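Heads up: the structure comes next, in structure tokens.
The values are calculated or read from the model by the stated rules, or taken from the named source; none is laboratory data. It should be emphasised that the depicted structure is a prediction, and the values quoted were computed from it without experimental measurement. Glycine also receives a Cβ, built like all others from the backbone with ideal geometry; neighbour counts cover every protein chain displayed. Please note that ligands, DNA and RNA were not included when accessible areas were found on the heavy atoms of the full protein model with its side chains. Shrake-Rupley method; radii C 1.70, N 1.55, O 1.52, S 1.80 Å.
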Amino acid sequence: MFFITFEGIDQSGKSTQIRLLAEALEKAGHSQLSVREPGGTPLGDRIREMLLGPEHAGMDPWAEALLYAAARAQLARDVIRPALGRGLIVLSDRYIDSSLVYQGMARGLGVDRVLDLNLGATGGLMPDLTFVLHLDVEKSRERLAGRGAAEDRIEGEPLEFHRQVEEGYRRLQEMYPGRVVGVDGGGGDEQAVHGIILKACGERLGLEL
Ligand code: TYD
């Protein structure tokens, strides 16, 4: 049925908002499936380990883009399309836009080339609606440090890289105003952000929640 994706820098609150939306959908009688990228298939989980393992520091940017696209191709074919075909609403923690912003913009590969690659990989499966949760890069770093867990390869990139990603998400919103909704997630008011998301689902997809 509908394919809704969530985007944003680390610690922007995507997983909390996906959980809250999933609960609201179920309560309103809509079956949903939540997935996250990279991963969600046996192949995708292996690729995730390759991508995020700090031992692959210095990975070539095209190798990186191709691996994300490979994991996405498998997830789109084996999980997302079948679920949409069964009438489910699919919520995804990251999708094509992550590659447009991280690889196309921050790594400098070019948005058009990365988009082409991913349209090929997914057979052109684009989201119906995308939420970008904005957060100050400094706040993201603070929350990451507070979390205590070891950084993965992408989290370990320098501050400037993460600034480009956050800036890239703002550009993305300008590129796709009909599909991408930006929400300020930095204030820490989860229910307020959830309210904005519910309203947008109503206005843009006609979902009564
Ligand atoms: P993950 O632990 O899922 O991060 P988060 O909880 O922030 O979503 O790790 C995914 C990392 O991979 C994240 O730092 C963003 C990056 N990424 C890309 O660079 N390109 C992509 O296409 C995707 C899906 C993720």
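At a glance:
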quantity	calculated
Residue among Glu157, Glu174 that is out of contact with any Leu (no Cβ under 8 Å at 6 or more places or on another chain), among the charged types (D, E, K, R) and open to solvent by less than 80 Å² (accessible area, probe 1.4 Å)	Glu157
Flag if Leu109 is surrounded by fewer than 24 Cβ atoms within 10 Å (Cβ to Cβ) and more than 13 Å from the ligand (Cβ to nearest atom)	no
Elements of type strands (runs of 3 or more DSSP E) contained in region 1-98, each with 2 or more residues being open to solvent by 20 Å² or more (accessible area, probe 1.4 Å) and not aromatic (Phe, Trp, Tyr)	32-36
Check on Ala69, without any contact (Cβ under 8 Å) to a residue 60 or more places away in the chain and either of a type in the set (D, E, K, R) or within 13 Å of the ligand (Cβ to nearest atom) (or both)	yes
Out of Asp78, Asp45, Asp60, Asp10, sole residue that is touching an Asp or Glu at 6+ places or on another chain (Cβ under 9 Å) and either away from the ligand (no atom under 12 Å from the Cβ) or on the phi < 0 side of the Ramachandran plot (or both)	Asp10
Pairs, first in a helix (DSSP H, G or I) in region 182-199, second among the small types (Gly, Ala, Ser) and open to solvent by less than 20 Å² (accessible area, probe 1.4 Å), C-beta under 6 Å, six or more apart	Val193/Gly185
Count of residues meeting criterion [modelled with pLDDT under 95 and either open to solvent by 60 Å² or more (accessible area, probe 1.4 Å) or at positive phi (or both)] in region 112-148	9
Residues being closer than 19 Å to Ile154 by Cα, among the small types (Gly, Ala, Ser) and away from the ligand (no atom under 14 Å from the Cβ) - total across region 112-144	0
